[in-house]
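The values are calculated or read from the model by the stated rules, or taken from the named source; none is laboratory data. As the structure is a prediction and not an experimental result, all values here were calculated from the model. Cβ atoms come from the backbone with ideal geometry, glycine included; neighbour counts cover every protein chain shown.
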Amino acid sequence: MTTLALDCVALQKRYGSTHALRGVDITVAPGELVGLLGPNGAGKSTLTKIACGLVRPSAGTARVCGEPAGSPRASAALGYLAELFRFPGWSTADELLALHQRLSGSSGGAGERAELLGLVGLADEAKRRVETMSKGMQQRLGIAQALVGEPRLLLLDEPTSALDPAGRHTVRELLEELRRRGVAVLLNTHLLSEVELVCDRVAIIDHGALVAIGAPGELMRTSGVEVELGSETLVFDDATRDDVPRIVAELVGAGELVYGVRVLRSSLEDAYLSLVDERAT
């Protein structure tokens, strides 16, 4: 049986009378990319910090690669990039990665540093100081430091927030490469378009509770069927894919010429907003 990269069971966290997490169950398999979505204050960062061992749960368990979260073996198996991070401006990219190699006990040396800088599109910036880098370059350097020591689980908190479209494309390619290498990723982000493009599954948290989890396509809801006729386009709002044969047969039977049929689906953003709004009412 394959050991899960992240396995959270009935996870709870209370701060006095405030419930940050209310019995959350979530798993991430090796090589799986899971997007973690939710409004501000939903509990996403709390869950991530528990997985890192920075916060202890009030109840439930969290395990990283089979080890209790926060234990030395669990910490050695994961890489983490916080949303708000600061690197010393005087250090070069190479010096920063060398520092994190010493902190993590990595023996990868110069070869690992060069490979990681190449992976995040900074191959020619090894000697460049952090203080001279753009926010986007620093963000990509942050991802590189999270990968020091070949972690099996990567926890990324808003990794594309400071990136331009080209930078986000680089990160998407990196995430796909990590999937091929069997590295698991829990991606905490507000950019639903990114999640829809790269994630295998999506977990939506609201008010500390897991309200939905599944593949992006599973969470998107059918929102009707559009039929293109010779003279007009009809939209059947409540129809689903299963209704298409009946709709087409009825239209053809009525003498209409059908030129095209399209099942309309909501976007991941629509599904997300619907789930969050349902809990707000």
Unique match (being out of contact with any Cys (no Cβ under 9 Å at 6 or more places or on another chain) and surrounded by fewer than 18 Cβ atoms within 10 Å (Cβ to Cβ)) among GLY136, GLY182, GLY208: GLY182
From ALA51, ALA93, ALA77, which residue is buried (at least 16 other Cβ atoms within 10 Å of the Cβ) and under 25 Å from LYS135 (Cα atoms)? ALA93
For segment 47-158, which fully contained helices (runs of 4 or more DSSP H) count at least 1 residues that are free of Cβ contacts under 8 Å to residues at least 60 places away in the same chain, within 21 Å of HIS169 (Cβ to Cβ) and touching a Leu at 6+ places or on another chain (Cβ under 8 Å)? 93-104, 109-119, 135-146
Check segment 209-231 and report whether any residue there is in a helix (DSSP H, G or I), of a type in the set (D, E, K, R) and within 24 Å of ARG152 (Cα to Cα). no
Answer residue from segment 3-26, given it is in a loop (DSSP other than H, G, I, E, B) and either of a type in the set (Val, Ile, Thr) or touching a Leu at 6+ places or on another chain (Cβ under 9 Å) (or both) and is nearest to ILE205 (Cα to Cα) among those: ALA5
Filter result for GLY41 (modelled with pLDDT under 95, loosely packed, with under 14 Cβ neighbours inside 10 Å and touching a strand residue (DSSP E or B) at 6+ places or on another chain (Cβ under 7 Å)): no
Look through ASP157, ASP200 and report the one residue that is closer than 17 Å to LEU78 by Cα and surrounded by 15 or more Cβ atoms within 10 Å (Cβ to Cβ). ASP157
All positions within segment 181-235 that are in contact (Cβ under 8 Å) with a residue 40 or more places away in the chain, charged (D, E, K, R) and closer than 30 Å to VAL248 by Cα: ARG221
Which of the residues that make up segment 258-281 are surrounded by 10 or more Cβ atoms within 10 Å (Cβ to Cβ) and modelled with pLDDT of 90 or more? VAL258, TYR259, VAL261
Is it the case that segment 102-111 has a residue that's charged (D, E, K, R) and either at pLDDT 90 or above or farther than 25 Å from ARG181 by Cα (or both)? yes
